[in-house]
Structure formats: C-alpha cells, structure tokens
Amino acid sequence: MKQWKIETQAIQGGYDPKPGEPRIPAICQSTTFKYESADHVAKLFDLEVPGFFYTRLGNPTSDAFEQKIAMMEGGVGALATSSGQAATTLAMLNICKAGEHFIAASTLYGGTYNLFSCTLPKMGIQVTFVDPEATAEEILKKFQPNTKAIFGETIGNPGLNILDFEKFSAIAKEKKVPFIVDNTLATPYLCRPFEHGANIIIHSATKYIDGHATSVGGVIIDGGNFDWESGNFPELTEPDESYHGLQYTKACGNLAYIIKTRVQLMRDLGAALSPFNSFMFNQGLHTLPLRMERHSDNALEVAQYLEKHPAVSWVIYPGLPSHQSYERAKKYLPKGASGVLTFGIKGGAAAGKIFMESCKLVALVVHVGDVRSCVLHPASTTHRQLTEEQQIESGVAPDLIRFSVGIENVEDIIEDINQALLASQK
Ligand code: PLP
C-alpha cells in the first residue's frame, strides 16, 4: 500500500469499510460479541485468530482509533486507555515490577510527577528524576542494575522545555532500556518521536487528539523498534504463567510489548477506553493536522505580542528565539511549536489571578489542547500537590500562567488578553 502522508492518515487511516459498511467507524457500544462455536472463542483467547470478544480487551471503534494513531506515529500497534494517566501507568508497569527502577526527566505534567514520585514507589517501583539538561554522563551515573526505562515529555508541561531526543535515545541505547516519550503537547503532527529514537509513545488523548474538550482518554503506541531480547526483560521473553506460558517476544515478534500490555495488564487492571470516547478521538484526529497548524500560528503570534507588552515580565514559548532551546525546537518541531505558552505578569501571582479572572473570551479551566483558548495557574491547581521545590524542579514558577492558545481568530484572543492585562495592573 502507498505510504500516505500524515494529513491523509488522519482522515482515511485505521478503518477501511467494506461495501455497505458505515463510512465512518460506528460507535460499537457493546460489551461483548456473539459467536457460534466454543472452539472459535477458545482460539480468540489463545490469540490464534484475530477478533473481538470483550470490550475491555478490544472493540472495533477503539481498534479504528488505535490503528489510526499507530499509523500516524509510525508505530506497529497501539492500545487505547481510559485516560492519559492510565496510559503512563500501564506503559511503566508493563516493564517495571516491584524492586525495579526507572529514570525520568523531572519536567513532567504534575499528575505524572505524582504517579512516579508517590504511587509507583508504594508498589515498590522507584524513580530517579534527572534535570533533562544534565549531561549524558551525569544521567548515565543515575542508572542502576535494575533500571528498566528512561522517560520524558517531548514538550514539558508546563515547563515547555524541549526534550533532547538525541541525548536521551543515545543513553537508552547504551543502557539497553526503552526510551518512553509522552508526546501529548506535540502530537504526531508536530513531532515524530520514533524517528528520533523513542521506543514507546504515550498520549493523553484528552488534549489535542480529542481537541474539543469532550472526552478523557489515553493511548500507548509501540514503535516495534526495541529488542527486548537484548536487555533484561524476562517478563517479555520468558513464559507468562498468567497466560498459560505465552512468550511474548516469540509469539508476537515486534508487537510483543503492546500485546503484553493488552492481554495481561488491560485484562487485569481494566483501564479500558469507552467506545464512545474512541469515536470522539477518531473524529478529533481527522482535523488534528489543521488544528495543530492553527494552534501553533496563533500561539506564536500571542507569544510575540506578550513579549512586547509592558505588563508582562517574561514569556516562554518554544517558537520564540528567546526560548532556551529554540534551535532544538526547530529541529524536533519543524512544523510549529504547538499551542501552549507560559508567562508571568508584573505584580506576580496576585496580578496573575486578576488577569485570569478578567479574561472574557479566554476561559479559566483545567485543560490544554482545546480549540477554545484557556488559561490556568499550575502552582495552585495541577501542581498544587507538589512541594515548592518539586514545583520548581518540574518547571512551575510561582507566578507562571499557562496559556493554551485556541484556534479562534487571533485578533480576538489578543484583544481579550490586552484588556485582562490592563485590569491586572490597576
Ligand atoms: N501527560 C500530559 C503531558 C498531560 O498534560 C496530562 C494531563 O494534563 C496527562 C499526561 C494525563 O492525562 P489525562 O488527564 O488524560 O489522564
């Protein structure tokens, strides 16, 4: 089959209706699927034949979403999950068990930081956070014999630092561990993590993939490019007693990781995405390339405007030449730097509060990646469970305002920002 470009994959990928079938993937809101032969059902359970038997483990609407996003990221397979948090949790649990360890860039979404620093350690899995700008030598020193992965966000939320893929992937290769990337803020349209050495990608599909603030969900995508037999991953290479001795690498080849996540962890932990939400994500993906272009264009214009505004003390946007890793952003995000920017206002957090409450078009909501512009103060919301030190480590200054620039007319957005900034200075 001809290799489609990403704009075509977003619309036509993942679903190929036969004559008389619906043009778009229908919402298959059914928990289960009917069969005539018990032997056939047994074969489904044994992974001997493809097919659906229970929606926790697979569903046609979710399958269409999984196939499409896997195609768009350039992976071999995907698993839809009930949230981005579930995607990260399953992605880590699939290779780390009690007594093991992984390394993560410290500049993470607050929920991920909490998961890694509080919840996974309660299950016996330890993390070491590293400054993503540390040298390779410094990061390599943090590895232990039981280190199983290295994790980072393409664009840190809300630090907006750009991950140094070259450095992280070289470290992962040297240590024979998978490089896991949260590509939520960049999306497959703006950044191609598998082309830069990532092995596994996760998304909060709740953000740009949905794009319209309707549905919570997540997805894990397997690059099929990690040699599990080269490292220390007996869970993938040795017989799985919970699946009558299945050896994932032998039975599933380069789909070993993603099939194990589905048939073992999704079976047991059950964080499945509802078919309705898969339908919404399929719809969202149709326009993802168009939206990401407009989000990026609008955000750049807003960032340039803010940089010149007398009420603004600082602006961070990876598309601005003043950004600390502007050159890296151009390399890894050649089509645009996405729709999220951060800034501080003269008068600090108190003035920031007045600014957010004075916005009329721009809404104060706990969200990013919506077609509608929205604004948030992470230190008092998404990152409030972290200590001040942890907040700084994850890129959250006390006065930081996170602005998710929507795809409205940019002049209207700027006009609203201006009146709210003026109000904040009274
Ligand atoms: N990763 C990033 C970068 C996020 O911004 C978020 C949520 O904001 C998540 C993961 C978690 O996703 P969800 O809210 O869908 O569980």
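The values are calculated or read from the model by the stated rules, or taken from the named source; none is laboratory data. These numbers were taken from a predicted model, which means no experiment stands behind them. Positions of Cβ are backbone-derived with ideal geometry, glycine not excepted, and every protein chain shown enters the neighbour counts. Calculation scope for accessible area: heavy atoms of the full protein, side chains included, ligands and nucleic acids excluded. Shrake-Rupley method; radii C 1.70, N 1.55, O 1.52, S 1.80 Å.
An oblate overall shape is assigned to region 179-280, the ratio a/c of its alpha-carbon gyration tensor axes (a ≥ b ≥ c) being 1.5 or greater and a/b not exceeding b/c.
Once the 1.4 Å probe is applied to the protein heavy atoms, region 295-351 comes out at 41 Å² accessible per residue. With the helix formula -39500 (n - 2.57) applied to DSSP H stretches of n ≥ 4, the chain reaches a computed 222 nm mean residue ellipticity of -10000 deg cm²/dmol.
Measuring spread by the Cα atoms of region 261-358 yields a radius of gyration and Dmax of 19.1, 56 Å. Placing unit charges on each Cβ (+1 for Lys and Arg, -1 for Asp and Glu) gives the chain a dipole about its Cα centre, and among Leu288, Gln391, Val41 the Cα reaching farthest toward its positive end belongs to Leu288.
Computed over Cα pairs, the Kirkwood radius of region 94-250 leads via Stokes-Einstein (1.002 mPa s, 20 °C) to a diffusion coefficient of 131 µm² per second. Packing, as the average of other Cβ atoms within 10 Å across residues, places the peptides 274-284, 48-58, 340-350, 154-164 in the order 154-164, 274-284, 340-350, 48-58, highest first.
At q = 0.10, 0.20 Å⁻¹ the log10 of I(q)/I(0) for region 79-169 amounts to -0.24, -1.00, computed by Debye summation with a single uniform scatterer per C-alpha, solvent ignored.
Applying a 10 Å radius around every beta-carbon, put 352-360, 365-373, 196-204 in order of their mean neighbour count, most first. Intermediate results must be reported in sequence, preceding the final value.
Numbers: 352-360: 17.9, 365-373: 19.7, 196-204: 26.3.
Ranking, from highest mean packing down: 196-204, 365-373, 352-360.
Calculate how steeply helix 165-175 sits against the longest principal axis of the alpha-carbon atoms of the chain, using the helix alpha-carbon long axis, and give the answer as 0 to 90 degrees to the nearest 10. For 165-175 against the chain, the angle is about 40 degrees. Can you grab the distance from the C-alpha centre of region 293-332 to the C-alpha centre of region 1-66, Å, no decimals? If we compute the Cα centre of each part, the gap is 41 Å.
Note on Lys176 and Phe276: the model spin-label points, each 7 Å out from Cα along the C-beta direction, lie 4.8 nm apart. Rounded to the nearest 10 degrees, the angle from helix 410-424 to the longest Cα principal axis of the chain is 60 degrees.
Taking 0.36 nm per residue of sequence separation and removing the Cα-Cα distance, the Leu140/Arg56 pair yields an extension gain of 26.4 nm.
How do Trp4, Trp314, Trp228 rank by accessible surface area computed with a 1.4 Å probe, from largest to smallest? Please list the in-between numbers first.
On the way: Trp4 85, Trp314 65, Trp228 15 Å².
The ordering from most to least exposed comes out as Trp4, Trp314, Trp228.
Solvent exposure of Lys335, expressed as accessible area, is near 100 Å², computed with a probe of 1.4 Å over the protein chains only. Cα centroid separation, region 125-145 to region 81-107: 16 Å.
Projected label points at Ser380 and Ala42, each 7 Å from Cα along the beta carbon direction, are separated by 6.4 nanometres. This model, with +1 at the C-beta of Lys and Arg and -1 at the C-beta of Asp and Glu, gives the chain a dipole about its Cα centre of some 240 debye. When only Cα pairs below 8 angstrom with a gap of at least 6 residues are kept, the chain shows a relative contact order of 17 percent. Under Stokes-Einstein, with the Kirkwood radius over Cα pairs as Rh, the value for the chain at 20 °C and 1.002 mPa s is 96 µm²/s.
Given their separation in residues at 0.36 nm each and the Cα-Cα distance between them, Ala251 and Lys426 gain 56.3 nm when the chain is fully extended.
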